[in-house]
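Inspection log for the structure reproduced underneath, given as structure tokens.
The values are calculated or read from the model by the stated rules, or taken from the named source; none is laboratory data. Keep in mind it's a predicted model, so treat the numbers as computed, not measured. Note that each Cβ is placed from the backbone with ideal geometry, even for glycine, and that neighbours are counted across all protein chains shown. Just so you know, the surface numbers come from the protein's heavy atoms only, side chains and all, with ligands and any DNA or RNA stripped out. Shrake-Rupley method; radii C 1.70, N 1.55, O 1.52, S 1.80 Å.
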Amino acid sequence: MSLELPSLIQSDQYAFPYHHIPDKEPRLFLSRHWGFASSYMAALEIISQIIDPIVSSNLSTWSHLDIGCGDGALIKFLSTIYPSKASNIYGIDMDSRAIQWARVFNPGSSIINGSIDQIRERFYSASLIEVIEHIQPEDLPRFLMKCAQSLHPGGTLICTVPSILKSVPPKHYQHFSAES
């Protein structure tokens, strides 16, 4: 099966783990520039605020699945916040290059190279961070149903998407409004 153009474009971007560029630590940081780094850092903070009460109420059993984990930046961020739960934070992505980076940055986490169809476990929380714009629109309902099925009853799915106010780059199929 060959990858479609949007998937190939995204895969090429994983030649460098760009999600790991932003850092809150004050230090000299020589690296590539990523224009959306501040937005990404803000999203990480919002995600942690949503997840914190879930972790607190399920402390002994909490687990999280980052769907479309890419280079594993969110997994690393959550593992830093909840170090005793790092082994309960999972990631899955179809891009093998991204998965290689995710495994390098998260050696104690379960990182799966594959699709959501492979997930049999249930999680208290899951995330789709800038993922569904990479899914073909006709496949989106089934994909979201599979994501929902990966959750315990009452589990939380956190989803971020690009706005329709931004132009759709070749690596995306669509952008979203509040209604969509």
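A few remarks follow.
- Net charge contributed by nearby residues that have their C-beta within less than 12 Å of residue 74 (K/R +1, D/E -1): -4
- In this structure the amide hydrogen of residue 160, modeled in the peptide plane, comes within under 5 Å of the amide hydrogens of 128, 129, 130, 131, none closer than 5 places in sequence on its chain.
- Where GluC sites (Glu not before Pro) fall in DSSP loop in region 100-180, at most 15 other Cβ within 10 Å: 121, 179
- Per-residue HN-Hα couplings for region 44-59 [Karplus 6.51, -1.76, 1.60; θ = phi - 60°; Hz; x = Gly/Pro]: 4, 5, 5, 4, 5, 5, 6, 6, 3, x, 5, 4, 4, 7, 10, 3
- Taken along the Cα-to-beta-carbon direction at a fixed 7 Å, the label points for residue 46 and residue 146 span 2.6 nm.
- J(HN,Hα) series, region 113-123, from Karplus relation 6.51 cos²θ - 1.76 cosθ + 1.60, nearest Hz, glycine and proline x: 8, x, 10, 4, 4, 7, 7, 10, 6, 10, 10
- Residues whose placed amide H lies under 5 Å from that of residue 152, excluding near-sequence neighbours: 123, 124
- Computed on region 98-161, with alpha-carbon pairs under 8 angstrom and 6+ residues apart, the relative contact order is 41 percent.
- When the residues 62, 101 are ordered by accessible surface, computed with a 1.4 Å probe over the protein chains alone, the sequence from largest down reads 101, 62.
- The H on the amide N of residue 112, modeled in the peptide plane, is under 5 Å from the matching H of 91, 92, 93, each at least 5 residues off or on a different chain.
- Total formal charge among the other residues, if their Cβ is under 13 angstrom from that of residue 118, Lys/Arg +1 and Asp/Glu -1: -1
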